[in-house]
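See structure below.
Bear in mind that the values in this text are calculations on the coordinates, not laboratory data. Owing to the predicted nature of the structure, the values given are computational and were not obtained by experimental measurement. All Cβ positions, even for glycine, are placed from backbone atoms using ideal geometry, and neighbour counts span all protein chains on display.
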Amino acid sequence: MSLHDLLIARIRQDGPMTLTDYMTECLLHPTWGYYSTRDPFGARGDFITAPEISQMFGELIGLSLAQSWMDQGQPSTFALAELGPGRGTLMADILRATRSLPGFHAAAKVILLEASETLRDVQMATLKDHNPQWISNVAELPDLPLFLVANEFFDALPIRQFLREGAAWCERMVGEANGTLTFGLGPAAPQTALQDRLSDTRDGDLVERRAPAIPILTILASRIAQNGGVALIVDYGDWRSLGDTLQALKAHERVGPLQTPGQADLTAHVDFEPLALAARAAGCAHTRLTPQGIFLERLGITARAQALAKGIGGSKLDELVAAHRRLTHPDEMGNLFKVLGLYPPQAAPPPGLEP
Ligand code: SAH
């Protein structure tokens, strides 16, 4: 038995499934799901993320969160939270960078939202000195000021895809033919949630919708509006999605999204507009969507790289220069990745971001 066989059997019995069901099974199936079965990060894994490229990423995020904490009067207890912490590297770098800030660690309760038991174990090994607490749903966040980061979390939440036909939409579904998974289209139907996309799309255009992100944003934004705090949401994507951005990565190579279910990372671009609208509706302010390269430059990544460069040479120095370039250059992650900040309307926006 494999996830592939299981999906074929399910489709034969119940008919084609939405991409949301397909992605959820592939990523989080308890036995065969991609995140449930492995630690996918790093050079030998399937993909590499910003905190795994360099400690500078997490250090600067840490300083940004700490500055917001000071701007908001240094609340004496707060949730220092991360969504989808992977190996725990980003949180470890945040904690190291803020170690000598008086009162910050004593006030912080480290809270991690993680679905995968395998990755919870890795995070425990990395962060055990800080007594992290795991939650499975953002509704379990404590009723405290919330200082939160999410890097490459939203891109792993499942999407649905719709192809425009006149004023209606056909949903792209996963079906099967002769034991192979295939894409197909459902019947044309109006979609209330896509009403505002009729003005910027044409017949035959494909748009994506990530419904599970909305209730998450609503909860984060209401906590921040009521209790104070900030959220830094970092991901690849743009203000609005257009076209098919579903991608599967295996051993740093792209593979077909239906080719190896459960064995490749499956993600799609994040469209930030619906996230920003949900935050606003919950009474929270949000910053302008800012390219990662600009955000990191404003936080001082070049000065940090120069400081780290003192006292190293040879291949270590080459690696540092390459990491700086990879995180910030527009041809690498600098422009593809964007940052959205959430903050209480009466507070200052997070450093590095504009209202
Ligand atoms: N932020 C990390 C890892 C990004 S990968 C980094 O930058 O390196 C995505 C992370 O989100 C993984 O830890 C994965 O297990 C987790 N994840 C994916 N879907 C999730 C869900 N629905 N609920 C909770 N965690 C999820």
For the chain, what does -39500 (n - 2.57) per DSSP helix run (n ≥ 4), summed and divided by total residues, give at 222 nm, in deg cm²/dmol to the nearest 500?
-10500 deg cm²/dmol
Return the sequence-ordered ³J(HN,Hα) values of segment 277-290 in whole Hz as given by the Karplus equation 6.51 cos²θ - 1.76 cosθ + 1.60 applied to θ = phi - 60°, using x for Gly and Pro.
5, 5, 5, 5, 4, 8, x, 9, 8, 10, 7, 5, 5, 10
For q = 0.09, 0.20 Å⁻¹, Debye-computed log10 I/I(0) when each Cα of segment 244-355 counts as one equal scatterer:
-0.38, -1.05
Quarter of the surface of the C-alpha convex hull for segment 178-236, i.e. direction-averaged projected area in nm², equals 7.5 nm²
Starting with the fewest neighbours, write out THR18, THR192 ranked by other beta-carbon atoms found within 10 Å of each beta-carbon.
THR192, THR18
Checking the a/c ratio against 1.5 first, then a/b against b/c, what shape does the Cα gyration tensor give for segment 305-355?
oblate
What relative contact order, as a whole-number percentage, does the chain give when Cα pairs under 8 Å and 6 or more residues apart are counted?
20 percent
If amide hydrogens are placed 1.01 Å from N in the peptide plane, which non-local residues have theirs closer than 5 Å to the one on HIS29?
TYR34
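Any number yet on Rg/Rh for the chain, C-alpha, Kirkwood?
For the chain, the value is 0.97.
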Can you sort SER222, SER68 from fewest to most other Cβ atoms within 10 Å of each residue's own Cβ?
SER222, SER68
Between GLY237 and residues 5 or more places away or on another chain, which pairs have amide H atoms under 5 Å apart, with H built 1.01 Å from N, and which residues are they?
VAL270, LYS338
Please order HIS105, HIS286 by the number of other Cβ within 10 Å, starting at the fewest.
HIS105, HIS286
What the 5 Å binned alpha carbon P(r) of segment 80-181 shows, as percent of pairs per bin from 0, is 2, 10, 18, 18, 13, 8, 7, 7, 7, 5, 3, 1, 0
Going by amide H atoms built from the backbone, whose H comes under 5 Å of the H on ALA81, apart from near neighbours?
ILE111, PHE147, LEU148, VAL149
